[in-house]
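See below for the structure under consideration.
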Protein chains: 2
Amino acid sequence: MAEPIPIRGGKPSGDARRPGRAPAGPYLYAALRDQIVRAELAPGERLSETELGERLGVSRTPIREALGRLRDDRLVEVRPQIGTFVARISPAAVSDAQFIREALECTAVRVAAELADVESMAQIEENLRAQERAIERVDIDSWQLLDDTFHRNLCDLSGHPAVWPVNERAKSHLNRLRRLSLRMPDYLSTMVGDHRAIADAVGGHDPDAAEVALREHLRAVLREVPRIREEHPDYFEEP
Amino acid sequence: MAEPIPIRGGKPSGDARRPGRAPAGPYLYAALRDQIVRAELAPGERLSETELGERLGVSRTPIREALGRLRDDRLVEVRPQIGTFVARISPAAVSDAQFIREALECTAVRVAAELADVESMAQIEENLRAQERAIERVDIDSWQLLDDTFHRNLCDLSGHPAVWPVNERAKSHLNRLRRLSLRMPDYLSTMVGDHRAIADAVGGHDPDAAEVALREHLRAVLREVPRIREEHPDYFEEP
DNA sequence: GTCCGACCGCTTGTATACTAGTATTTCTCG
DNA sequence: CGAGAAATACTAGTATACAAGCGGTCGGAC
């Protein structure tokens with residue numbers, strides 16, 4: 001697992017300190033969530049607060065705060081007195097997350113298509129070019145960040161910045177699948193092609209076309225589920 | 001404020017114990033959220049973890065857990081070393097919450113209208129009758145619970161039970177306004193009339209009519225905002 | 001050989017203590 | 001009398017200790 005996170009109040013590990021000495025909870029939450037999404041903490045794996053604290057160089061208290069949020073996100077399951085377990089991927093939870101994601105992002109993209117101005121489209125264009133550069137470098141990590149930024153920018157273009165945080169947490173299960181999808185050949189090029197189609201519809205002020213393109217794009221990951229399940233049956237809940 | 005909450009581990013206050021001795025955090029979260037929604041904890045009011053713990057008969061730890069979730073819901077703002085403040089109602093947050101609520105509930109009701117069967121409609125009918133009885137008794141608390149159940153049942157009818165918890169947390173700001181709306185004469189009768197129109201469209205398997213009726217219904221509370229703001233200007237953020 | 005009870009090791013939930021930061025109040029000096 | 005500095009009181013964040021519960025193991029009895 002990761003080396004101890006340098007944060008305020010934690011036992012010194014080397015002299016590395018996080019700039020600004022921000023509270024540890026949010027940082028730990030992001031770090032643990034990322035490890036779960038990347039399957040570095042495998043579905044079904046048993047965690048303990050004490051052990052996580054020792055590994056990350058902090059006491060149980062900020063670990064508990066982070067795990068509390070992960071429990072809210074349904075990424076871990078806490079069983080009192082037994083332990084904390086990385087949640088397995090539930091087909092029902094995936095279906096629910098997909099429903100929420102489509103409802104939020106497709107509604108937002110319609111409004112974005114109505115409101116899009118030159119400045120917003122320039123920002124989206126820049127993001128698309130960065131995605132293409134990341135693919136040329138086969139830099140999957142960068143591409144994934146840019147992918148998220150693309151979708152976030154569209155949501156924010158609706159004028160409702162609170163949509164993205166809600167969407168992001170609701171789609172945690174999908175993020176796990178998306179991460180597992182990335183190793184398919186030509187997958188990223190297909191994704192960027194979809195992104196360009198969506199951007200063209202938004203820039204052309206066509207809400208219907210934007211929604212259709214986005215909905216189709218969002219469903220791509222679901223088509224990967226059977227293959228992912230075949231490669232990683234232990235990642236999934238029993239049906 | 002409320003008398004101490006009987007929970008596991010807390011200092012005994014009388015001998016009342018909650019059945020099953022469940023953890024305190026979720027209970028405190030619900031209690032504090034309810035007090036914020038009811039404006040019993042006024043917007044802008046300064047809380048401290050120590051004081052809340054003393055009032056509620058528990059240590060700071062479960063209070064912190066509850067406040068962490070309330071912070072996620074944007075119902076409180078935590079300023080380290082200064083205090084925790086009940087969030088004022090932000091017009092932008094209200095607008096965002098309304099957007100999310102419409103996106104989720106209107107998408108869900110369309111699916112519900114397609115899937116509704118006799119058993120589901122019977123459950124919704126029973127809820128509507130209970131709403132009418134609550135209005136006859138002028139029992140606003142019961143009605144509000146039934147109102148939530150009505151909307152929840154519609155969401156659940158989409159086959160995606162995860163929608164409601166996401167929606168419920170996202171619309172916390174709207175709940176505050178809904179609570180403040182209830183004292184209008186004839187408001188509840190209008191609400192139940194809307195509910196019946198929605199139910200009729202769902203039962204009639206008419207997704208378009210169900211969405212239109214629900215969207216109009218959901219927007220009713222926004223029309224109350226100017227009056228609420230006039231009566232309680234201190235509840236709102238500066239524009 | 002099987003079953004049951006006791007014990008141990010681990011867990012989470014909560015209480016308490018410590019630390020660092022912030023704001024307010026009080027005191028001193030010009 | 002006002003301004004600035006120092007002291008004080010409060011806060012949240014984190015570390016640590018204690019309590020209760022759960023599951024597994026081992027030993028004794030049948």
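Computed quantities for the displayed model
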read-out	value
Failed condition for A:Leu115, given (1) closer than 21 Å to A:Glu224 by Cα; (2) more than 9 Å from chain B (Cβ to nearest Cβ)	(1)
Count of residues meeting criterion [within 15 Å of DNA strand D (Cβ to nearest atom), more than 8 Å from chain A (Cβ to nearest Cβ) and over 22 Å from A:Ile100 (Cβ atoms)] in the range B:65-90	13
The range B:32-64, subset away from DNA strand D (no atom under 13 Å from the Cβ), farther than 11 Å from B:Val86 by Cα and in contact with a Lys or Arg (Cβ under 8 Å, 6 or more places away or on another chain), residue farthest from the other protein chains (Cβ to nearest Cβ)	B:Arg38
Every residue from the range B:174-223 that is on the phi > 0 side of the Ramachandran plot and either modelled with pLDDT of 95 or more or outside the structural domain of B:Glu105 (by TED's automatic domain parsing) (or both)	B:His205
In the range B:91-110, residue nearest to the other protein chains (Cβ to nearest Cβ) [restricted to those that are open to solvent by 30 Å² or more (accessible area, probe 1.4 Å) and within 15 Å of B:Pro207 (Cβ to Cβ)]	B:Thr107
Output for the range B:35-60, where each listed residue is more than 12 Å from DNA strand C (Cβ to nearest atom) and of a type outside the set (Val, Ile, Thr)	B:Gln35, B:Arg38, B:Ala39, B:Glu40, B:Leu41, B:Ala42, B:Pro43, B:Gly44, B:Glu45, B:Leu47, B:Glu51, B:Arg55
Qualifying residue in the range A:61-84 (condition: without any contact (Cβ under 8 Å) to a residue 40 or more places away in the chain, more than 11 Å from DNA strand C (Cβ to nearest atom) and open to solvent by less than 60 Å² (accessible area, probe 1.4 Å))	no
Residue under evaluation B:Asp200, criteria (1) open to solvent by less than 50 Å² (accessible area, probe 1.4 Å); (2) without any contact (Cβ under 8 Å) to a residue 24 or more places away in the chain, criterion not met	(1)
Checking A:Asp156 against (1) within 14 Å of chain B (Cβ to nearest Cβ); (2) touching a residue at least 60 places away in the same chain (Cβ under 8 Å); (3) acidic (Asp, Glu), the condition it does not meet	(2)
Tabulated pairs, the range A:25-46, first over 14 Å from A:Arg176 (Cα atoms) and open to solvent by 60 Å² or more (accessible area, probe 1.4 Å), second assigned to a helix (DSSP H, G or I) and acidic (Asp, Glu), C-beta under 9 angstrom, 6+ apart or interchain	A:Pro26/A:Glu65
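The values are calculated or read from the model by the stated rules, or taken from the named source; none is laboratory data. The shown structure was predicted, so the numbers you read here are calculated from the model rather than taken from an experiment. FYI the Cβ positions are ideal-geometry reconstructions off the backbone, even for glycines, and counts take in every protein chain you see. The accessibility values were calculated without ligands, DNA or RNA, using every heavy atom of the protein model including side chains. Shrake-Rupley method; radii C 1.70, N 1.55, O 1.52, S 1.80 Å.
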